[in-house]
Amino acid sequence: MTTPAKILIVDDEPHMLRVTELSVKKGGYEVLLARDGRAAVALAGQAQPALIVMDLLMPELDGMQALRELKQNPATARIPVILLTSRGHVVTRQAAESSGAALFLTKPFSPTQLLKEVQRLLAPV
């Protein structure tokens, strides 16, 4: 039996953290949780998750700053990151993608769609 892939979920809003966690767990993944970008960067370096689902707007270190730090670190640079935001501005989407985000989803998102995207990004090539 194979070990389930670890997914790191990062959001400062407890409700969104829980909704995202439940969505991902339906796919049989192991879930790690962080409440801000600083904790996410540290946890990603230690736990080496297969994928990160991260909110864009957070205190201390926002999702875009955390994404940049993750992509600059050779230990975490290859981890795909899905950014979630309630602000779906085109400029934000372009900035996220040019900073290395694998996907950009606008809240509210469909939990089913999120799980499908996680599965797609983690599918063997």
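Key figures
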{"item": "Selection count, segment 38-68, where residues are of a type in the set (D, E, K, R) and part of a strand (DSSP E or B)", "result": "1"}
{"item": "ALA101 vs. criteria surrounded by 12 or more Cβ atoms within 10 Å (Cβ to Cβ) and closer than 19 Å to GLU21 by Cβ", "result": "no"}
{"item": "Residue list for segment 74-96, filter: at pLDDT 90 or above and surrounded by fewer than 17 Cβ atoms within 10 Å (Cβ to Cβ)", "result": "PRO74, ALA75, ALA77, ARG78"}
{"item": "Selected residue (only one of LYS71, LYS116 is in a helix (DSSP H, G or I), over 22 Å from GLY28 (Cα atoms) and over 10 Å from the mean Cα position of the chain (by Cα))", "result": "LYS71"}
{"item": "Qualifying positions in segment 1-15 - surrounded by fewer than 19 Cβ atoms within 10 Å (Cβ to Cβ), farther than 20 Å from ALA77 by Cβ and in contact (Cβ under 8 Å) with a residue 12 or more places away in the chain", "result": "THR3, PRO4, ASP12, GLU13"}
{"item": "Residue within segment 18-37 that is in contact with a Gly (Cβ under 9 Å, 6 or more places away or on another chain), in a helix (DSSP H, G or I) and under 20 Å from ARG78 (Cα atoms) present", "result": "yes"}
{"item": "Cβ pairs under 8 Å, 6+ apart, first in segment 97-124 and modelled with pLDDT of 90 or more, second aromatic (Phe, Trp, Tyr) and buried (at least 18 other Cβ atoms within 10 Å of the Cβ)", "result": "VAL118/TYR29"}
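The values are calculated or read from the model by the stated rules, or taken from the named source; none is laboratory data. This structure is a prediction, so every number in the text was calculated from the model and none was measured. Positions of Cβ are backbone-derived with ideal geometry, glycine not excepted, and every protein chain shown enters the neighbour counts.
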